[in-house]
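The values are calculated or read from the model by the stated rules, or taken from the named source; none is laboratory data. Remember, predicted model here, so these are calculated numbers, not experimental data. Using ideal geometry, Cβ is built from the backbone for each residue, glycine included, and neighbour counts are taken over all protein chains shown. Accessible surface areas use protein heavy atoms only, side chains included; no ligands, DNA or RNA. Shrake-Rupley method; radii C 1.70, N 1.55, O 1.52, S 1.80 Å.
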Amino acid sequence: MLEVMVNGCNGKMGQIVCDLVEQNENLILKSGFDKQVTGEFVFPVFNKIEDITEKPDVIIDFSVPIATLNILEYAAKNKVPIVIATTGFSEDEEKIILEYSKQIPIFKSANMSYDIMIMKKILQLLAPLLKDTDIEITETHHNRKIDSPSGTAQMLANSINESLGNILHCEYNRNNKREKRDKNEIGMTSIRGGNIVGEHTVQFFGEFETFEIKHTSYSRNVFADGAIKAAEFIIKQENGLYNMEDMFDTK
């Protein structure tokens, strides 16, 4: 049985992960960790690293960057593999995570959906075929999402750019620009409202036609389920930084 700690267990995604772990007959919800410990839990929940009594086999992290780095220090010190599903890291924070991956196995993805991974692969094949078009990415999320653009939108933009030889740059704000669109830019638009789980649309605008590919998430369970699969994967790996493609390439 795999013993799991959920970092950010009080958050919306953290609660869903906890529920799915408890429903999985191959997993044990060892403990939770969260800055805010409110309500009643049927498993131990900590808000101080020093209070953690028994280490888990793996940690699943759905939190915020500062909380991720906090639990990551614990994970490295205690040699516990970790799944990072948090987004919104700065470049410096990304470097810190990379350094920690030399000490423990780390699985990190901006999106835990299998279909998003497929979308990423399709875009890598599609972009060179439509290299003369104007590329725009629009992402829509609920009104509580903090980071913008979403980590998934940035991941999709990066995959497009890499497939074209890294000649493009992302344009996040046209508000103060008074000039025509740069041919080498990927326009990034973020919409926040209501309770929408997540929607990502990539459009390739040609002179006479437009090609569009779109992914819509209807339930947060898809991300929680992906994180659990990642946890089962990462405990079998050596030290290093892994992502969704690594997990499905092993099938």
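Couple of notes before you dig in:
- Two-site FRET efficiency, residue 102 against residue 66, from Cβ-Cβ distance with R₀ of 22 Å, rounded to 0.05: 0.55
- Residue 203 versus residue 246: modelled label distance in nm, points set 7 Å from Cα along the beta carbon direction: 3.6
- With the highest mean first, a sort of the peptides 61-69, 106-114 on other beta-carbon atoms found within 10 angstrom per residue produces 106-114, 61-69.
- Fully extending the segment from residue 192 to residue 36 would add 53.7 nm, taking 0.36 nm per residue of separation and subtracting the current Cα-Cα distance.
- Of all beta bridges that DSSP places with both ends in the chain, some 35 percent have antiparallel geometry.
- For the chain, size of Cβ-based charge dipole, Lys and Arg +1, Asp and Glu -1, in debye: 300
- Accessible surface, the stretch 1-129, averaged per residue in Å² (probe 1.4 Å): 49
- Take the Cα of residue 19, go 7 Å toward its beta carbon, and the backbone nitrogen atoms of the stretch 187-224 under 18 Å from that spot belong to 195-198, 217-224.
- GluC sites (Glu not before Pro) within the stretch 149-240, DSSP loop, no more than 10 other Cβ atoms inside 10 Å: 179, 207, 209, 238
- Kirkwood hydrodynamic radius over Cα pairs of the stretch 98-153, then Stokes diffusion coefficient at 20 °C and 1.002 mPa s, in µm²/s: 152
- Listed values [x] 1.44; [y] 0.96; [z] 1.07, entry calculated as Cα Rg over 2.2 N^0.38 Å: [z]
- Listed by chain and number, the lysines whose C-alpha is less than 17 Å from the C-alpha of residue 131, apart from same-chain residues fewer than 8 away, are 120, 121, 183.
- On the chain, 48 percent of the accessible area sits on carbon and sulfur atoms, based on a 1.4 Å probe.
- Fluctuation leader among 156, 20, 72 - the chain, Gaussian network, Cα springs under 10 angstrom: 20
- Using alpha carbons only: equivalent-ellipsoid semi-axes of the stretch 17-145, gyration tensor based, whole Å: 33, 18, 15
- Were the residues from residue 77 through residue 132 laid out at 0.36 nm apart, the gain over their Cα-Cα distance would be 14.9 nm.
- Between 98, 64, 36, the Cα set farthest toward the positive side of the dipole of the stretch 1-127 (charges on each charged residue's Cβ, about the Cα centre) is that of 98.
- Residues of type lysines that residue 236 reaches as a straight line, Cα spacing below 24 Å, ignoring anything fewer than 8 places off in the same chain: 30, 55, 77, 79, 95, 102, 108, 251
- Chain lengthening between residue 174 and residue 145 when straightened (0.36 nm per residue, less Cα-Cα): 8.3 nm
- Residue with peak Gaussian network fluctuation, the chain [Cα springs, cutoff 10 Å], from 239, 175, 195: 175
- Förster-model FRET efficiency, 35 Å R0, residue 2 and residue 121, C-beta, rounded to 0.05: 0.80
- Under 20 Å of direct C-alpha separation, and excluding same-chain neighbours fewer than eight residues apart, residue 35 reaches these aspartates and glutamates: 19, 50, 51, 54, 61, 73, 93, 147.
- Backbone N atoms of the stretch 84-123 closer than 18 Å to the 7 Å Cα→Cβ label point of residue 219 belong to residues 112-116.
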